[in-house]
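FYI, it's all coordinate maths here, none of it is from the lab. Note that this is a predicted model, so its numbers are computed, not measured. FYI the Cβ positions are ideal-geometry reconstructions off the backbone, even for glycines, and counts take in every protein chain you see.
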Amino acid sequence: MQISNITKKISLTLFALFLAFSFFSTSFAMGPWGGGTSSSVEIWSFHWKSHPPQLLSEGTPTFPYQVECEIAQGAKEAEGFDIVSPCSLQLAGGAEASVSTDTTYTFLEKLPGFDDTFDSTKKCSFVDYLNIMIKLLIGIGAVLAMVMIVMGGMEYMTSELISSKEAGKDRIKNAMLGLVIALSAYLILNTLNPNLLDLCLDNLPRAEISITPEETLRNRSGSGICTPVTNGPCSPTSLASAFPGNSNFAPAPFNTIAGQASSICNLESHGIASTLSGVDKCADGKAFSFGLFQINGSAHRSSIPACANAFNIPAGHGNSQGNHISGGYSWTCTTVEPAYTQCKNFLLNPANNIAYAAQLKGSGGWGPWSTYQSCNDPGEF
């Protein structure tokens, strides 16, 4: 009896291995050309459209069937051909060689749901292949379940022992349970949300938050919404060390200096460290206010070493950023590279921006920020 059970297990294992090998033996066909070697780094491979290659012109070499091409500066001779541009080949006599850059794969055995070829360059191509594999695996699971049910039925019908009959019944039950689990997993996910089965990460939406000049002007005129940032570098918790202390005259959440600073930061940049001002711009169109608290690099260039030589103010114009240009949001200042980029990067750094904002708050309260009006007019703080 023990030998019989071992024989059944071995037979079942061999049968499963046979099915697995038959399924996963599907591969991609390769071209009939050899893979010649080269001292250069192979980037692309080209195959002649017409064969044999001596039909191209008299005297051309009958080999190789494959010509390798590399991206390099200057021309390079390869088997009698001159590379006149990255991956553009010409015969030594000047005639252009015909090459193919087909990147599609051809299946040795067509898979359900696919054409004879598979384009690996299209968007989410691997996901299409993987989804078909999942469906095929579920189908194979169903076939294997039926095989197990048949085997269990045969064991139940042909055995005279009670224990063997129970083993046959258990085999049938387990096969049916496995089939239900395999089918229900896909059906449940597909019913709840079909996107749960979509594995293409290229389709994920890109989250972008834009601050329009009109919104900034509303905040500065006192019509913005005064509320702290809930998370990130401008949250009250993150700003507590730079803006310590409490306010006995303001209601929560403005009863801490950090909570007030968070509200100003929210009005200025929505807590986004990479924000460039949409209304504070020089005559060349480049912003001069940066970062979480929209620090004016031009106005504070004398106290910020990184911004010392970043802006040029015309003689006789306002010292901060020049004179306002009517009909827009620009001022007469101009930027000077590379100092301007250095100034911008310095103030876009959250730590630098917060530190200088704390310095301004310590010397002049919230007055340097015109957005303070959105918190002051309602009497928040």
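Need one word for region 240-337: rounded, prolate or oblate. Basis is the Cα gyration tensor (sqrt eigenvalues a ≥ b ≥ c); a/c below 1.5 gives rounded, then a/b vs b/c decides. Judged from the Cα gyration tensor, region 240-337 comes out prolate (a/c at least 1.5, a/b above b/c). Annotation: amide H-H contacts under 5 Å for Lys281 (H modelled 1.01 Å from N, sequence separation of 5 or more, or interchain): Phe288, Trp331. The charge dipole of region 213-376, taken about the Cα centre with unit charges on the Cβ atoms of Lys, Arg (+1) and Asp, Glu (-1), comes to about 140 debye, rounded to the nearest 20.
Taking a ≥ b ≥ c as the square roots of the eigenvalues of the alpha carbon gyration tensor, region 108-201 is oblate, as a/c is not under 1.5 and a/b does not beat b/c.
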